[in-house]
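Notes for the one structure printed next.
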């Protein structure tokens, strides 16, 4: 399951809550109309109430990957308890399918570490619950269900990552587009606050970029931008990233960099272009939002551009 930096957890909460409510109703109906008269319907009633509670938590907990992970794992654990009590093979299969769906959802929306936790919980729950179930389930079927759970989650997670990467990356330069860039900057800023580490942003703008269009055409300009961003990416550490916010306007985010280190990086970044390049630096301060950082970096960039023009020979 590949790493996914940002996912729409806020948008997911309503859908997750609805799904849990549906499972709650289905579980309650299963307890009221059991296939086997000796089914412990009380356990099913408790599970239905637990799913209803999880539905409420899905929309009241903060919209964060951790809360999504916790709700999904809790739902899987509840399903495991009911699965183990099944006296009919049909019940084992139905609840195993529900657990697989929870794992697939985690693989699609969560980062690799969190998704791996949920998928491992799903596969383990299927294996242990089916093994403990009163209903007869052959060992081969148990292994098959657990294996298919893992495989389907891995494939769905990989495909989801590819789709988000395609939608969030500028096809020309490989830089992040505006939406994913802002989301990742917010996450980097929150991490810097939590760890007490510095974070800098560098606004980059190529001066007189129209000269490239005039001299080499739009394709030549595209080649220059793609080459520049490739150089910038090569000089970033693992946590750094670049976003394209306009035609020739880029912003690099440098976690762990103070002002001096960020300005050194900016000087090198501008040296990689054959055209004059202006750069503006802003360093995270207590209470800063992502917008605050970008506004200060933009102001510093225009001050650098003004100084550059003022110092140019007439």
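The values are calculated or read from the model by the stated rules, or taken from the named source; none is laboratory data. Keep in mind that what you see is a predicted model, and the values were worked out from it rather than measured. Cβ placement follows ideal geometry from the backbone for every residue including glycine, while neighbour counts extend to all protein chains displayed.
Structure data summary
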| item | result |
| --- | --- |
| Residue count for region 58-73, restricted to those that are surrounded by fewer than 18 Cβ atoms within 10 Å (Cβ to Cβ) and in contact with a helix residue (DSSP H, G or I) (Cβ under 7 Å, 6 or more places away or on another chain) | 4 |
| Candidate set: region 134-149, residues that are surrounded by 19 or more Cβ atoms within 10 Å (Cβ to Cβ) and within 33 Å of the chain's Cα centre (by Cα); chosen: the one farthest from residue 83 (Cα to Cα) | 149 |
| Residue list for region 224-253, restricted to those being modelled with pLDDT of 85 or more and part of a strand (DSSP E or B) | 241, 242, 243, 244, 250, 251, 252, 253 |
| In region 256-312, the residues that are assigned to a loop (DSSP other than H, G, I, E, B) and at pLDDT below 85 | 272, 273, 274, 275, 276, 312 |
| Residue check, residue 188 at pLDDT 90 or above, in contact with a strand residue (DSSP E or B) (Cβ under 7 Å, 6 or more places away or on another chain) and not in a helix (DSSP H, G or I) | no |
| Filter result for residue 154 (touching a residue at least 60 places away in the same chain (Cβ under 8 Å), part of a helix (DSSP H, G or I), in the same structural domain as residue 23 (by TED's automatic domain parsing) and surrounded by fewer than 19 Cβ atoms within 10 Å (Cβ to Cβ)) | yes |
| Members of region 86-97 found to be crowded, with 21+ Cβ neighbours inside 10 Å and assigned to a helix (DSSP H, G or I), listed by number | 91, 92, 95, 96 |
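Matching residues to (1) in a helix (DSSP H, G or I); (2) over 25 Å from residue 229 (Cβ atoms):
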residue	(1), (2)
124	yes, yes
136	no, yes
142	yes, yes
162	yes, no
